[in-house]
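Data first, discussion second: the structure below is written as structure tokens.
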Amino acid sequence: MAGSTPDEAAVARRLLQTGPNDYAPWFDRNACTAVIADQGLPAIRSEAWKYTNVGRWYETVLEATRPVHRETVVESPEEVDVRDFSDTRAADLFGPQATFDLTRYPLAAVNGLLLGAGLAIRVPAGCQASQTVRISHLPSAYQHCLVSVEAGAAVELVEEPSPYTHRIVEAVVHEGAVLRHRRRQAGASTRECSLVAVNVATGGRYELSQLSLGADLRRNDILVTLAGDGAETALQSAWRVDGRAHLDNQVAVEHTLPGGTSRQTYRGVAAGRARAVLNGRIHIAPGAQHSDATLSTKNLLADATAEVYAKPELTIFANDVKCSHGATVGAMDEDAVHYFRSRGIDEDRARGLFVRGFLREAIDDLAVAETLGVVV
Amino acid sequence: MSLLRVDELRVDVDDKTILNGLSLAVDAGEVHAVMGPNGSGKSTFANVLAGRPGYDVTGGTIAMDGADITELAPEERSHRGLFLAFQYPVEIPGVSNMEFLKAAVDAQARIRGEDEPSAPEFIGRARDAASRLDLDVDFLKRGVNDGFSGGEKKRNEILQMLLLEPRLAVLDETDSGLDIDALQVVAAGINAFRDEGNAVVLVTHYQRLLNYVVPDRVHVLTGGRIVRSGDRSLALELEEKGYGWLDA
């Protein structure tokens, strides 16, 4: 375990000593053990954890008690088959998903060994986009949701704010299917990491609308693989962090086959001493011709003490593609604030309106935004 | 008592004196034009009236209805009935014009202790004002000034004035950038707004707007102070002779 620090080594040792728990034995944890044994866990200040002190998350992993909801609270339409992992038939709903590579996301291996709540969600053909599966709470700090949207089906998946230490949402969007994924992350004093990994097949579409407030530590890894001709994805994410909150978004969109379209739009506001990170990667594999990819990230620094890291990353191995990106970081437009005030709108409300307008470029779900307190 | 009374106003911007003892009194029911060459301090005067940050008032006072407003925040001035039509209205994508206008009207209503207008009532008023200014209804749904043409921005300022019903409207170069048709529409809006209870200060470089909005008084601002005042004929004289004539 080259480059180990006591923190990561301690966590790895503990996990390997204890081994997997007895929840959902059908769920294969051998790969998790192998990854931790072979490559260890990410070191503090490793490249993938440049902006987030993963050691602070390890502390949480080693804690005996964590804030956890006691029961499963999930709503779903009748047609959708939702099973807890403790139901052995959950295994029947899914073949191997392989939406991500554990060696690339080793924290998912930690999740695997400590897993205490899993849901298998199968959305059959005939399900409509107007139908919603809503995940409010799951009764463990380590959670895993497997979603399969079958060919031609459509559904909305909503993740309500809820504390966890690590959550994985894996989804396969089959041919011509549509998954609209809404994630809501409230402000919290917790340290939370999550992984969203989605495969989109031919003619399928995955939409993410994510609204985040900061947590003591919050890391969102998102991986979307456009694994079919003409697969599409639109990732829209807005955040507002203040105080000493920390939010690290690591997003990768991989175009593996021709004709895929991806749109990434990020708008963030950082205030106080908060830190917000957006690392947005577009990877276009050899042969993924006619891919069309865009990424736009705009950030507002509400205070000089806040920190923003906005980094688009393009790796392109095909020669007939459209690919563009833009990143900006700026202060609040004081002329706009004055303009509002000159019409009788007080300063706080003026700043709130401005921030809301700014975030709305990425996410137009203001009722939820207000509930979460994003709007002043 | 004058609706607006400015006494010996001195203003610095970046340690440079721009207004140097400007005095002006405007009564209710009057329209005053403040004219002057480029760099004379016209826009500074308009912005200082509205309380824009970045202007350092080093002397003198601004009063409305006898109450000193020199140190008030921009929104407090607005609550007292002061309105500035901006020379360069700000573009604010993401906030719809309607949302912005409603927030402004609601804020004014709260200050006056009145009920906020209901959404349908407000939409009706906004549509009515928009049609008076020859603006399409879709205009209200677009982001504030976002992608508006120069003329649309100026008309949007007048639209706000009509909805907010201020007691004192200061129009900063509202005529600049308007073609002749738009100028007439804007002028009609201003004339419709005028009544015995309010007053208008037109800050302008050219007298052409004054062909449509006839002022009661015309003032010439040069070197940061009013150097001459007169009736409408002063504007015509300026048009004919230019501002250089005043230095002679």
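Some notes on this structure:
- Single unsatisfied condition, B:Ala73 versus (1) within 14 Å of chain A (Cβ to nearest Cβ); (2) among the hydrophobic types (A, V, I, L, M, F, W, C); (3) surrounded by 21 or more Cβ atoms within 10 Å (Cβ to Cβ): (3)
- Test: residue in segment B:214-231 that is over 29 Å from B:Gly60 (Cα atoms), without any contact (Cβ under 8 Å) to a residue 60 or more places away in the chain and out of contact with any His (no Cβ under 8 Å at 6 or more places or on another chain): no
- 3 or more residues modelled with pLDDT of 90 or more and hydroxyl-bearing (Ser, Thr, Tyr): qualifying strands (runs of 3 or more DSSP E) within segment A:36-154: none
- In the set (1) under 30 Å from B:Asp106 (Cα atoms); (2) without any contact (Cβ under 8 Å) to a residue 24 or more places away in the chain, B:Glu237 fails one condition alone, (1).
- Selection within segment A:183-208 - hydroxyl-bearing (Ser, Thr, Tyr) and either more than 20 Å from A:Cys145 (Cα to Cα) or modelled with pLDDT under 95 (or both): A:Ser189, A:Thr190, A:Thr202
- For segment B:90-147, the set of residues classified as away from chain A (no Cβ under 14 Å), assigned to a helix (DSSP H, G or I) and of a type in the set (Asp, Glu) consists of B:Glu121, B:Asp128, B:Asp138, listed by residue number.
- If you filter segment A:318-361 down to residues that are more than 7 Å from chain B (Cβ to nearest Cβ), of a type in the set (A, V, I, L, M, F, W, C) and over 29 Å from the mean Cα position of the chain (by Cα), you find that the one that is surrounded by the most Cβ atoms within 10 Å (Cβ to Cβ) is A:Phe340.
- Checked against (1) under 21 Å from B:Leu171 (Cβ atoms); (2) in a strand (DSSP E or B); (3) touching a helix residue (DSSP H, G or I) at 6+ places or on another chain (Cβ under 7 Å), B:Val57 passes all but a single condition, namely (1).
- Here A:Lys311 passes the criteria (1) within 14 Å of another protein chain (Cβ to nearest Cβ); (2) within 16 Å of A:Ser237 (Cα to Cα) except the one numbered (1).
- Hey, A:Thr99 closer than 17 Å to A:Ala171 by Cα, touching a residue at least 40 places away in the same chain (Cβ under 8 Å) and surrounded by fewer than 18 Cβ atoms within 10 Å (Cβ to Cβ) or not: no
- Any hit, segment B:183-203, residues being polar (S, T, N, Q), under 23 Å from B:Gln108 (Cα atoms) and more than 10 Å from the chain's Cα centre (by Cα): yes
- Listed by position, the strands (runs of 3 or more DSSP E) enclosed by segment B:164-226 that each have at least 3 residues that are modelled with pLDDT of 95 or more and closer than 26 Å to B:Glu99 by Cα are B:168-172.
The values are calculated or read from the model by the stated rules, or taken from the named source; none is laboratory data. None of these values were measured; they are calculated from a predicted model. So basically every Cβ, Gly included, is an ideal-geometry build from the backbone, and we count neighbours across all protein chains shown.
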